[in-house]
Structures are given as structure tokens and as C-alpha cells.
């Protein structure tokens, strides 16, 4: 995997992205980016500039006036790009929270942010 810095003006969201980002979600993404910076690269289809993974981050970065971001380019066709986009979004949804561990961590973080 090769990480590179790319102008956001060279990228575009996937118009067929099945994942939607409402304002509540974009606000949360923007807050995370402000607090922690970009810690995950955008996943981009090589040659097209289409964002396969990170469409919400792309929207939040652009809204904040950011001009460059870290990306990983993949040389894959449109079918594989669509399948990967679904996989990147869906796999996180299939995980479960350990409510006790989450409560403990949140209690420890209280007042830090």
C-alpha cells in the first residue's frame, strides 16, 4: 500500500455510493478530523479520482477548506471499486460493541475533550 498526498480538487465522490452522510454524520466526521487530523487515507480508484472509501471524509475536508489529503490509489475496475466500497462500509456495521468496555472507556475519557 502506497500512501500519497493528493489535491482534493483532483478527486470526486462516487456518484453511485450507497452510503449516505447526513449533516449529523458529517458534523461528527468534521469534529473527529479537527481533533485528530486525517488518520485514515481516502481510498481512490486510480485514473478516475473516484473516492471508493472515505466519501464522508472527503465532504468534510472540502467543507473545511482543506486542499490536500492522504490517499491510497487502487488500480481496479468499476465493478471491483463498487464491491470494495460496499465492503469498506458494511464490515464496520457488522461488528458489535462490548458495552461494558465502552462504558469504562467513555468514563475514563470524560472531561478530556
Contact order relative to length of region 3-109, as percent, for alpha carbon pairs under 8 angstrom and 6 or more apart: 34 percent
The chain: angle of helix 23-36 to the longest principal axis, Cα-based, in degrees nearest 10: 80 degrees
Between 0 and 90°, nearest 10: helix 99-109 axis offset from the chain longest Cα axis: 80 degrees
Calculated on alpha-carbon atoms, Rg and Dmax of the chain in Å: 15.6, 46
Value at 222 nm in deg cm²/dmol, rounded to 500, when DSSP H runs of n ≥ 4 in the chain each add -39,500 (n - 2.57): -14000 deg cm²/dmol
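Rule-based calculations on the coordinates, nothing more; no lab input. As the structure is a computational prediction, the values presented were derived from the model and not from experiment.
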